[in-house]
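**Q** Below is a structure I'd like to ask you about.
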Amino acid sequence: MLIRLNSMLLLIAALPPAAAGRPNLIFVLADDLGTAGEIVGVGQDITDQKSAEGALLDSKERLAALVAAMDEGLVVVDCDGVIEYANEQVARMWGAQHSQLIGRPLTDFVAPEFRATLLEQWQGRREGKGGRYELRWQRNDGENVTAVVSASPLFQPDGEFRGAYAVVTD
C-alpha cells in the first residue's frame, strides 16, 4: 500500500504473520519513483487479537449474567480453602454481606459438627474427585441452614491443585 505524504510516499509492506509480539508490518519512505528509502517504523497487525479480546469480554459478560441469574449459590475457593469468589445468593444463604466472605476460610461458615465432612470432601477435591453431599452452614446470625453442595476440583494446566468450586442449593 502506498500513501502520499507531501513529496514522499509511505510504503506499507505486510509480511507473513509473525509470532505473537513480533512485527509484521514495515513502514518505508519512498520517493516519487517508488525507490525505497529509510525504514521509518514497524508494526503489528492486531486485528485478530482485538477480535479475540472482544469475544472473551462477551463471554465473560454472559457468564457474569448467568451467575447473577442463578437461584443457587456459587462459591470458589483456593487451594487453602479460602473463598476467592461467592455470588450474592451464597451471601444471602449464609446471612452475610458479600464483602464478609471473600478472603475468609470456608470452614468459618460450616457448622462445627459438619467440619469433618467438609475436610473429608476437601481431600476428594485434592484427589481430583467431584462430590455431591449435604452440609450444614452456620449463618452469621448463629442460625444453621442445610444445603446440598455439588463440588468440583480446579487444577492448573500443569496439574497442580488450584482449589474448587461448588454450587450450593438450599
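The values are calculated or read from the model by the stated rules, or taken from the named source; none is laboratory data. Note that this is a predicted model, so its numbers are computed, not measured. Reconstructed Cβ throughout: ideal geometry from the backbone, glycine too, with neighbour counts over all protein chains shown. Accessible surface areas use protein heavy atoms only, side chains included; no ligands, DNA or RNA. Shrake-Rupley method; radii C 1.70, N 1.55, O 1.52, S 1.80 Å.
**Q** Of the conditions (1) under 25 Å from the mean Cα position of the chain (by Cα); (2) open to solvent by 50 Å² or more (accessible area, probe 1.4 Å); (3) not hydrophobic (A, V, I, L, M, F, W, C), residue 81 fails just one. Which one is it?
**A** Checking residue 81 against (1) under 25 Å from the mean Cα position of the chain (by Cα); (2) open to solvent by 50 Å² or more (accessible area, probe 1.4 Å); (3) not hydrophobic (A, V, I, L, M, F, W, C), the one that fails is (2).
**Q** Modelled with pLDDT of 70 or more and out of contact with any Ser or Thr (no Cβ under 7 Å at 6 or more places or on another chain), is that true of residue 12?
**A** Judged against the criteria, residue 12 is not a match.
**Q** Could I ask something else about it? Go through region 84-100 and give me each residue that's at pLDDT below 95 and either under 22 Å from residue 161 (Cα atoms) or crowded, with 16+ Cβ neighbours inside 10 Å (or both).
**A** Across region 84-100, the qualifying residues are 85, 86, 87, 89, 90, 91, 93, 94, 95, 96, 100.
**Q** Taking residue 123 as meeting all but one of (1) in a helix (DSSP H, G or I); (2) in contact (Cβ under 8 Å) with a residue 24 or more places away in the chain; (3) surrounded by fewer than 14 Cβ atoms within 10 Å (Cβ to Cβ), write down the number of the exception.
**A** Of (1) in a helix (DSSP H, G or I); (2) in contact (Cβ under 8 Å) with a residue 24 or more places away in the chain; (3) surrounded by fewer than 14 Cβ atoms within 10 Å (Cβ to Cβ), only one is false for residue 123: (2).
**Q** Among the numbered criteria (1) in contact with a Pro (Cβ under 8 Å, 6 or more places away or on another chain); (2) closer than 14 Å to residue 167 by Cα, which single criterion is violated by residue 128?
**A** Here residue 128 meets the rest and fails (2).
**Q** Kindly provide the set of residues from region 35-76 that are out of contact with any strand residue (DSSP E or B) (no Cβ under 8 Å at 6 or more places or on another chain) and of a type in the set (Gly, Ala, Ser), ordered by number.
**A** Listed by number, the residues that qualify are 51, 52, 54, 55, 59, 64, 65, 68, 69.
**Q** Taking the condition of a type outside the set (Phe, Trp, Tyr) and modelled with pLDDT under 75, does residue 33 pass?
**A** The answer is yes for residue 33.
**Q** Being under 20 Å from the mean Cα position of the chain (by Cα) and assigned to a strand (DSSP E or B) is the filter here; which residues of region 126-167 pass it?
**A** Hits for region 126-167 are 151, 152, 153, 154, 155, 161, 162, 163, 164, 165, 166, 167.
**Q** Continuing with this model, one more query. Mind listing whichever residues of region 103-120 are part of a loop (DSSP other than H, G, I, E, B) and open to solvent by less than 70 Å² (accessible area, probe 1.4 Å)?
**A** Residues satisfying the conditions are 103, 111.
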